[in-house]
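Visitor: Sharing a structure with you now.
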Amino acid sequence: MMLPDRTWIVEGLVTSLDSAGVVNLAPMGPRVGPEFERLLLRPFPGSQTYFNLQATGQGVFHVTDDVLLLARAAIGQVEPPPPLRPASQVRGWVLADACRSHEFEVESMTPTDMRVEVWVRVVGQQRHRDFLGLNRAKFAVVEAAIQATRLHLLPRNEIEADLERWRTLVEKTGAAEEHHALELLESHIRRFWTEAGS
């Protein structure tokens, strides 16, 4: 399968269900074309998202500007869960405060060295509210959240240097939500290093 020539990686959140119907929320950056007709998801093979998509073959990708929720999902601190409503075209759940939701069905799954390539077809799209707009603090939190999911892959000095840059952007351009999100991520990262003895 192929995506159109013009594609982007769009960071967002995926909801999926396990075989018992328990919902999982995870950050995900699929490669997408301008029409959002097909997405290429690349979950890690041991992730709950991968197991859920393998079990049920359905899910929902959300475009959101709620970087605090994205940060919480990246480090597994989504309690209490955010407000949800039933999806309309698949068996699943839509984040009530998302900007857009894209309900999808899995077409194929192919393991690679580090990830599983999961091609999905969008079967339902909804616009819920306007996207806030471009903001450097939100960008910084998204980057820090991505790094928080890759602590076992990236050198500590690289992460520390990046955190310093992200902190400056949040201090200059962020609101309380972005400050709180970055604090959560920094605490998680430092706890990981402490427990790893590095």
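Visitor: Using the Karplus curve 6.51 cos²θ - 1.76 cosθ + 1.60 with θ = phi - 60°, work out ³J(HN,Hα) for each residue of region 178-190 in order, rounded to whole Hz, and write x for Gly and Pro.
Guide: Whole-Hz 3J(HN,Hα) from phi for region 178-190: 5, 4, 5, 4, 5, 4, 4, 5, 5, 4, 4, 5, 5.
Visitor: Further question: Hey, with R₀ at 25 Å, roughly what FRET efficiency would MET1 and ARG150 work out to, going by the Cβ-Cβ distance, to 0.05? It would help to have the intermediate numbers written out before the result.
Guide: Working: r = 26 Å, r/R0 = 1.05.
FRET efficiency, MET1 to ARG150: 0.45.
Visitor: Just to confirm my numbers, what's the Cα centroid distance between region 18-59 and region 89-152 in Å?
Guide: Answer, in whole Å: 8.
Visitor: What full-extension length gain, to one decimal in nm, is calculated for GLU79 and ALA55 as 0.36 nm per residue of separation minus the Cα-Cα distance? Kindly include the intermediate steps, with their values, before the conclusion.
Guide: Working: separation 24, 0.36 × 24 = 8.64 nm, distance 2.39 nm.
Once the chain is fully extended between GLU79 and ALA55, it gains 6.2 nm.
Visitor: If each Cα of region 62-114 is one equal point scatterer, what is log10 of I(q)/I(0) from the Debye formula at q = 0.23 Å⁻¹?
Guide: The computed values of log10 I(q)/I(0) come out as -0.98.
Visitor: I'd like the carbon and sulfur percentage of the solvent accessible area for the chain, probe radius 1.4 Å, heavy atoms only, ligands and nucleic acids excluded.
Guide: Details: 5250 of 10340 Å².
Carbon with sulfur: 51 percent of the solvent-accessible area.
Visitor: Spin-label point model (7 Å from Cα, Cβ direction): what's the GLN89 to GLU160 distance in nm?
Guide: Result for the modelled spin labels: 4.8 nm.
Visitor: Under a point spin-label approximation (7 Å from Cα along Cα-to-Cβ), what is the ARG190-ARG31 distance to one decimal in nm?
Guide: 3.8
Visitor: In nm², what is the average projected area of the convex hull enclosing the Cα atoms of the chain?
Guide: Details: hull surface 46.0 nm².
Averaged projected area of the chain's Cα convex hull equals 11.5 nm².
Visitor: Once the Cβ-Cβ distance between THR168 and VAL123 is put in as r, and R0 is 45 Å, what FRET efficiency do you end up with, to the nearest 0.05? Show your work: numbers first, answer last.
Guide: Details: r = 42 Å, r/R0 = 0.94.
Taking R0 as 45 Å, the efficiency between THR168 and VAL123 is 0.60.
Visitor: Separate question: Hey, can you find the accessible area per residue of the chain for me, probe 1.4 Å, expressed in square angstrom?
Guide: On the way: 10340 Å² over 198 residues.
For the chain, the per-residue accessible area is 52 Å².
Visitor: Still on this structure, please answer the following. Largest first and to the nearest Å, give the Cα extent of region 27-89 along each principal axis.
Guide: Sorted from largest, the Cα extents of region 27-89 read 31, 27, 23 Å.
The values are calculated or read from the model by the stated rules, or taken from the named source; none is laboratory data. Keep in mind that what you see is a predicted model, and the values were worked out from it rather than measured. We place every Cβ from the backbone using ideal geometry, glycine too, and count neighbours over all the protein chains shown. With ligands, DNA and RNA removed, areas are computed over all heavy atoms of the protein, side chains included. Shrake-Rupley method; radii C 1.70, N 1.55, O 1.52, S 1.80 Å.
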